[in-house]
Every structure is written in C-alpha cells, then in structure tokens.
Amino acid sequence: MIQIQGLHCGYGNREVLRSIDLSVDAGVMVGILGPNGSGKSTLIKAISGVLRPARGTVLLDGRPAHTWPARQRARRLACVSQRISFDFPFTCLEAVLMGRYAHTAALKGYSRHDLEKAEAALELVGMDAFRHRPVDSLSGGEMQMVAIARAICQDAPLLLLDEATASLDIARKIAVFDLFKEMQREGRSFVCVMHDLNLAAMYCDLLVVIHAGELAAMGPPADVMDPAVLSGVYGAQVLVAPHPLLGVPQVHFSPSDTVTRGGVSSCS
Amino acid sequence: MLLLVFLSLFSVVAALWFGRTHLSAQEILQGLLLGLSGPGGSDHPLKVIVFDLRLSRVLISFVCGGALATAGAAFQGLLRNPLADPFTIGVASGAAFGASVAIFFGLSGTGFLGLGLLPVAAFIGALATLAAVIALTKLGGGLGKESLILAGIIAATFLSALISLLKSLDEESVSNIVFWIMGSFQGRGWGHLLFALPYMAAGLAMVGAFARELDLLALGDEEAMYLGVDVPRARFFLLIGASLLTAATVAVSGIIGFVGLVFPHMVRMIWGARHTRLLFFSFFVGGTALLWSDVAAKTILPQGEELPVGVITALFGGPFFFAIMRIQGGKWRGP
C-alpha cells in the first residue's frame with residue numbers, strides 16, 4: 001500500500017526527515033511515535049502527497065504519492081489533522097458530506113447514496129444527534145469527531161491520523177480506536193501519529209519511533225516499548241510494565257528527580 | 001428559493017415606477033411593450049423613459065448588486081475571511097485607476113462601441129491589476145490566502161497613491177474622479193449592460209462551477225487537498241471568476257461598497273454556509289438590495305437630484321453590518 005524508501009524531506013532548505021524506510025501493508029495499524037518536533041507530522045504529509053520528497057520515494061499503490069491526481073488520491077487515503085477549524089457555520093452533516101467529494105463527478109452534486117454514507121458515518125462515531133448543529137458551535141473534541149466521521153465516509157483503504165484523538169476524552173479515544181480496529185479487520189490500514197504511548201501499545205501492530213528526523217526504532221510494541229529506547233528518545237525516565245489484563249507493555253513516567261530518590265528500571 | 005426569484009422579478013417591475021416623471025401603470029406597460037416590440041425603432045417618449053432609461057438602469061443595478069454579492073461570497077470563502085469583500089484583493093482599485101486615467105486625459109466622453117471609454121478603461125485597469133496581483137502572489141508561493149491578501153494590499157495602496165497623484169496634478173478632474181469612485185448608476189444604459197453582461201456571465205459560470213470546491217477550500221487548503229480538491233486549479237478559477245464579476249461591475253458602476261460584504265453574511269446566517277446555495281441566494285438578495293438602493297438614490301432628495309448609490313449602500317450597510325456583528329456575537333473573537 002505504502003512503500004517509503006530513503007525518504008528525505010522538509011520545508012525549503014530545512015530538512016526535517018532523513019533516510020526513512022517504511023512500508024505499510026493492507027490491514028495493519030501503524031503507530032508513529034516520537035517527541036514534539038521530531039518529524040511525525042512531516043511524515044504524514046509526505047505519505048499523503050502534500051509534501052514532495054526532497055530525495056527518496058514515497059509510493060502509494062505503486063505510484064509516487066505526490067503525483068496522484070487529488071481526487072484519485074483522496075479515494076485511496078483519508079487524513080485527519082491534529083487541529084481543524086471551521087470558519088463558516090456548516091452543519092455537522094454538511095461537514096461530513098464533504099468527505100464524499102472525491103467520489104462525486106465534477107460539477108455534479110452529492111447523491112442520495114453520499115448522504116446515506118455521511119449519515120452512517122456520523123452515527124458510527126456517535127454524533128448523529130448533532131447532524132444539524134453548526135460545526136463552529138461544537139467543542140474541540142466534538143469537532144474532532146466530525147472530522148473523523150468525514151474521514152470514515154471518504155471510504156479510503158488507508159487512513160492517516162495526525163494526533164487525531166489527542167483532544168478526545170478517554171472514553172471517546174477508546175471508542176474511536178475500537179471502531180478503527182473493527183475497520184482494520186475489514187482490511188483498512190491506519191497510520192496514526194500518537195503521543196499516548198499506552199494507547200499505541202494497545203492498538204497498533206507496528207510502532208515506529210522517530211527521533212530528530214530519523215528512524216530510532218521500529219517493530220511490534222513488545223520490542224519498541226523498551227525503557228532504554230524510550231528514555232533515549234523522550235529524555236524522560238520511564239518504567240515499562242505489562243498491562244494487567246492484556247499483557248501488552250505499558251509505560252509509566254515518573255518525575256525527573258525519582259532517580260535520586262530510589263532509581264528506576266524496567267520491570268518487564 | 002422560488003420566492004426569492006419571484007421577489008427579484010417583482011422588484012424589477014415595481015422599480016419602474018420610480019423616477020423623475022410620474023407615470024401610471026398603464027403608461028409603464030405601454031412603454032415596456034413599445035420597447036419590446038421593436039429594437040430601438042420607436043422614439044415614443046414613454047418608450048424612451050420606461051424602456052431605454054428606467055428598465056436598463058433597473059436591470060443594470062440588479063445584475064451589479066448580484067455580481068457584487070456573489071463575488072463577495074466567493075472571496076470570503078476563498079480567503080477564509082468573513083471580512084473579505086470583492087475589493088479586498090485590489091481589483092477595484094485597478095478599475096478606479098483605469099477610470100481616473102481616462103478622466104485625467106479627458107477621454108471619458110470618447111465613444112467606444114456605443115458607450116464612453118470610461119468603463120472600458122476601468123475594466124482594463126481591473127484586469128491588469130488582477131494579473132499583477134497573481135504575479136505578485138507567485139513571489140509569495142502561490143495563490144494562498146495570505147499571499148493573495150498581501151498582494152492585494154500592495155496593489156491597492158500603490159494604485160490609490162497613483163490616483164491621488166492624478167488628482168493633485170489636475171484639479172479639474174478631481175470631482176469627476178471622486179464622483180466616479182463613489183459609485184453610481186446615473187446615465188447608465190443598455191450599452192453598459194451589454195458590455196458588462198458577458199464578463200459577468202463568464203464569472204458567474206466559473207464561480208458556480210467551483211461552488212462545491214469553495215466549501216472544501218473554506219476548511220483550509222491542506223484539508224481540501226486531503227479531500228480530493230485540485231487546490232491550485234480551483235483557487236485559480238475561483239479567483240478569476242470572482243474578479244471578472246467585480247471588474248465588470250466596477251467598470252460600469254464605480255465602487256459600490258458594502259453590498260459584497262453584507263449580503264453574503266446575511267444569506268449565510270439565514271440559509272447556512274454551503275456555497276451552492278450561498279452563491280445563488282447572494283446573487284438575488286444582493287441584486288434586489290442594490291436595485292432598491294438605486295431607487296432610493298434617485299428619489300430620496302426632494303429636489304430630484306441624485307445621490308451616488310454608493311452613499312446609500314454605505315449609509316445602510318454600516319448599521320446593517322453592525323447588527324450582524326451583534327447577532328453573531330463573539331464568534332469573531334479569534335482563536
């Protein structure tokens with residue numbers, strides 16, 4: 001689905017990502033981790049074709065991502081950004097319906113089928129009661145749910161999420177990822193930039209850690225959620241212990257003066 | 001929707017009543033029929049007053065108002081700024097400069113295709129400014145909203161300086177330039193309408209064809225791209241379309257403020273933000289509003305002198321906009 005080879009890219013003369021290799025197959029959930037400013041969002045932009053690689057290639061279904069015509073590309077991948085703003089009072093349903101744009105013919109409006117898809121997506125994320133509310137009257141988290149519904153009804157096999165759930169409360173986060181997991185079983189793939197390491201370890205099949213623009217670690221959660229790796233990347237003391245029910249590794253942070261008070265090490 | 005179209009049609013007919021000469025309904029009907037029966041043949045005074053003078057002026061004020069409101073709605077979406085209007089990117093300043101040059105060189109009376117050279121000069125000025133603004137945005141990295149607004153401000157500032165220069169060089173032309181800039185339909189007729197109509201039709205078609213893209217562009221360029229919009233292409237056609245509407249309007253009417261700012265707002269408040277509806281309704285609401293503003297401009301002074309219609313729209317538009325701001329409340333307080 002996605003093949004990235006020797007990717008270097010950035011903005012103008014500033015190179016943000018260096019020598020990235022990554023491939024994403026159908027039906028997997030990939031978590032992108034790393035500290036602020038490490039280049040996670042830039043990677044999402046490169047995959048989505050908005051940003052052109054300076055060197056190397058990003059192939060989306062065998063063709064460089066930035067060369068796809070916009071409409072065809074939007075049928076292959078959908079993207080939810082970390083911050084959305086609606087400057088005009090569209091209703092939630094209208095905002096979600098925009099996800100169907102790539103499926104409509106030029107100059108033609110949205111069909112009944114598109115409308116049904118949009119309504120179904122709103123229902124899926126539990127926002128159907130809001131369908132006629134103007135989006136700009138919603139809270140940040142609710143707006144984010146609308147954006148997620150929009151991406152779902154775009155019906156693309158690949159979803160890119162750039163900290164899309166960061167502003168959601170814990171129940172909504174879990175609900176959204178459960179929904180994604182279900183969609184994943186139907187063959188869709190996800191690439192999610194995440195700051196919540198524990199959520200990432202619970203839901204992702206593959207974790208990719210980016211540090212200062214380079215690949216710091218890549219592998220299944222059990223390998224990547226290593227105190228040595230995470231302390232090195234985040235520069236914070238971490239403790240890794242298995243989840244009491246699921247057994248997946250979970251991270252615990254402690255204040256930076258803990259070392260002097262007793263020391264921290266791996267419990268796994 | 002039908003009601004709106006009907007109201008506009010009704011306004012066009014009803015506005016024929018108002019003018020310096022008082023006419024009965026029968027006389028108006030007679031004048032209309034005379035005008036419709038043969039092209040320009042009859043010199044019957046009723047035909048001249050009703051058909052040649054009044055109907056043409058009513059229609060021209062209607063399409064100009066419609067074009068301004070539609071262009072305003074398009075620019076507000078394109079620039080993602082509820083305070084944008086058709087004049088934000090400097091096209092109108094270009095028209096004003098073109099007109100000023102024509103007035104300065106005393107060419108305003110020169111005949112050209114049956115109408116004065118003034119609208120032609122204004123139109124050329126507007127298009128040249130549009131081309132300059134687009135060229136300027138290339139330096140700023142494309143047709144993004146920031147570079148468009150900046151390039152527009154550069155153009156508008158520079159051109160208004162040039163207009164001031166022309167005014168100071170020739171004091172005789174000052175009042176003509178000022179009067180033209182204030183905007184008026186006085187003395188405008190079929191020639192002006194026929195001159196502006198093809199460009200307006202082209203502009204409406206372009207903006208209308210990209211109405212759905214305008215919805216998505218309102219989310220931001222990157223979002224629109226993710227959703228499948230060919231952003232540079234959509235922005236280009238919308239910019240050209242909305243600018244054509246503005247240029248054609250300003251060329252025949254001068255600069256009429258507030259119509260392109262206020263009515264898109266009003267329509268958005270009543271009928272929502274979707275641009276397919278917004279553009280269509282703005283056209284009819286803006287057209288009807290400007291038509292009646294022009295009637296007011298013709299009749300409001302007791303001695304029968306005319307006010308520039310730009311004065312009327314500004315007079316009503318200011319408080320109107322204030323009311324909209326009150327209703328919309330804190331929404332514009334920024335992020």
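The values are calculated or read from the model by the stated rules, or taken from the named source; none is laboratory data. Since this is a predicted model, take the numbers as computed values, not measurements. Don't worry about glycine lacking a Cβ; one is built from the backbone with ideal geometry, like all the others, and counts go over all protein chains shown. With ligands, DNA and RNA removed, areas are computed over all heavy atoms of the protein, side chains included. Shrake-Rupley method; radii C 1.70, N 1.55, O 1.52, S 1.80 Å.
On association of chains B and A, roughly 2500 Å² of accessible area becomes buried (total for both chains; probe 1.4 Å).
With respect to chain A, whose longest principal axis is taken over its alpha-carbon atoms, helix A:112-124 is tilted by about 30°.
The lysine pair count for chain A, using Cα distances under 27 Å and pairs eight or more places apart or on different chains, is 9.
Largest accessible area first, the residues A:Arg73, A:Arg112 order themselves as A:Arg112, A:Arg73 under a 1.4 Å probe with ligands, DNA and RNA left out. Computed from Cα positions, the angle between helix B:56-78 and the longest principal axis of chain B comes to roughly 10 degrees. Taking the Cα atoms of the stretch B:2-327, the ratio Rg/Rh between the radius of gyration and the Kirkwood radius comes to 0.98.
Relative to the longest principal axis of the Cα atoms of chain B, the long axis of helix B:171-182 makes an angle of roughly 70 degrees. The modelled label-to-label distance between B:Phe18 and A:Arg14, using points 7 Å beyond Cα along the C-beta direction, is 5.6 nm.
Cross-link partners of B:Lys298 among lysines, defined as those whose alpha carbon lies under 27 angstrom from its own and excluding same-chain residues fewer than eight positions apart: B:Lys47.
Between A:Ala26 and A:Ala129, how high is the FRET efficiency from 1/(1 + (r/R0)^6) when r is the Cβ-Cβ distance and R₀ = 35 Å? Nearest 0.05.
My answer for the efficiency is 0.55.
Suppose the Debye formula is applied to equal point scatterers at every Cα of chain A; what is log10 I(q)/I(0) at q = 0.13 Å⁻¹? Debye intensities relative to I(0), on a log10 scale: -0.89.
The alpha carbon centroids of the stretch B:235-260 and the stretch B:129-143 are separated by 17 Å. Can you grab the distance from the C-alpha centre of the stretch A:133-180 to the C-alpha centre of the stretch A:29-96, Å, no decimals? Their Cα centres are 15 Å away from one another. Each residue of the stretch B:188-199 was assigned a 3J(HN,Hα) from its phi angle through the Karplus expression (A = 6.51, B = -1.76, C = 1.60, θ = phi - 60°), giving 8, x, 4, x, 4, 4, 5, 5, 7, 4, x, 5 Hz with x at Gly and Pro. For the protein assembly as shown, the pair-distance distribution built from all alpha carbon pairs, in bins 10 Å wide starting at 0, is 3, 15, 22, 20, 15, 11, 7, 4, 2, 0, 0 percent. Entry comment: accessible area of the stretch B:2-327 is 41 Å² per residue, from protein heavy atoms only and a probe of 1.4 Å. For the stretch B:211-241, a reduction of at least 30 Å² in accessible area between the chain on its own and the assembled protein chains (probe 1.4 Å) is found at B:Arg212, B:Glu213, B:Asp215, B:Leu216, B:Ala218, B:Leu219, B:Glu222, B:Glu223, B:Met225, B:Tyr226, B:Leu227, B:Gly228. What's the local net charge at A:Ala118, with K and R +1, D and E -1, over the other residues with C-beta under 12 Å away? So the surrounding residues net to -2.
Within the protein assembly as shown, antiparallel bridges make up roughly 60 percent of the DSSP beta bridges whose residues both belong there. Within the shell defined by Cβ-Cβ distances under 13 Å, the residues around B:Asp215 carry a net charge of +3, with Lys and Arg each +1 and Asp and Glu each -1.
Scanning residues 5 or more positions from A:Gln250 or on other chains, those with amide H under 5 Å from its amide H are A:Ala241, A:His243, with H placed 1.01 Å from N in the peptide plane. The antiparallel fraction among DSSP beta bridges confined to chain A stands at about 60%.
Contact-buried residues of the stretch B:251-287, at a threshold of 40 Å² lost accessible area versus the chain by itself: B:Arg268, B:Ala273, B:Arg274 (1.4 Å probe; DNA, RNA and ligands ignored). Contact order for chain B, expressed relative to its length and based on alpha carbon pairs under 8 Å spaced 6+ residues apart, stands at 28 percent. As a calculated quantity, the FRET efficiency between B:Phe6 and B:Leu29 at R0 = 22 Å, using C-beta atoms, amounts to about 0.70. The mean number of Cβ atoms from other chains found within 10 Å of a Cβ in peptide A:85-98 is 5, as a whole number.
Given a Förster distance of 45 angstrom, what is the FRET efficiency for A:Met218 paired with B:Thr299, based on the Cβ-Cβ distance and rounded to 0.05?
Working: r = 77 Å, r/R0 = 1.72.
Efficiency for this residue pair is about 0.05.
The modelled label-to-label distance between A:Leu246 and A:Arg185, using points 7 Å beyond Cα along the C-beta direction, is 1.5 nm.
Carbon-plus-sulfur fraction of the accessible area of the stretch B:2-327, 1.4 Å probe, in percent? C and S fraction of accessible area: 72 percent.
The portion of the accessible surface of the stretch A:95-209 made up by carbon and sulfur, rounded to a whole percent, is 53 (1.4 Å probe; DNA, RNA and ligands excluded).
Annotation: amide H-H contacts under 5 Å for A:Gly56 (H modelled 1.01 Å from N, sequence separation of 5 or more, or interchain): A:His8. At a probe radius of 1.4 angstrom, the accessible area of chain A per residue rounds to 43 square angstrom. For the stretch B:129-240, the Cα-based Rg and Dmax, in that order, read 18.3, 56 Å. According to the square roots a ≥ b ≥ c of the eigenvalues of the Cα gyration tensor, what is the shape class of the stretch B:59-205, taking rounded for a/c under 1.5, prolate for a/b larger than b/c otherwise, and oblate for the remainder? Oblate is the answer for the stretch B:59-205, as a/c is 1.5 or above yet b/c matches or exceeds a/b. Backbone amide hydrogens, once placed in the peptide plane, bring B:Gly272 within less than 5 Å of nothing, excluding anything fewer than 5 places away on its chain.
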